[in-house]
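Please treat every number below as a calculation from the coordinates, not as lab data. All values reported here derive from a predicted model rather than from experimental measurement. No Cβ is skipped: glycine too gets one built from the backbone with ideal geometry, and neighbour counts run over all protein chains shown.
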Amino acid sequence: MDYAIQHVNDDHGKEMVQIVQVYADFIDVAKVTLLDYDASGMELLVVQTEKGAQKTRIPFPKGLNRPNDFRQVLVEMVKVARKRQEK
């Protein structure tokens, strides 16, 4: 799990911002840090330009049954977030 968290934070900042904007209705997001996740969702530190940092939890659209499900669920969430932001 630690590798997955580090990887997301190091390589997928833009995608995490998109997820937070769509799934948690944050608007002016400067940075998102994945803190932890479990079978039902993820804990994030969201930094907004005007409001500063706050923790939030975003539930997964479907629960994780296996550790490898985390990547697949995040990919699906990013696809949905991108589609919604295109509108």
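Applying the criteria of a DSSP loop state and at most 10 other Cβ atoms within 10 Å to the GluC sites (Glu not before Pro) of the chain yields Glu50.
Evaluated with a Cβ-only charge set (Lys, Arg +1; Asp, Glu -1), the chain carries a dipole of roughly 340 debye about its Cα centre, given to the nearest 20. Within the same chain, aspartates and glutamates fewer than 8 places from Lys31 are excluded, and of the rest, those with a Cα less than 17 Å from its Cα are Asp10, Asp11, Glu15, Glu43, Glu50. The amide H of Gly41, built 1.01 Å from its N in the peptide plane, has Phe60 as neighbours under 5 Å, considering only residues 5 or more places off or on other chains. For the chain, the ratio of Cα radius of gyration to the globular rule of thumb 2.2 N^0.38 Å stands at 1.02.
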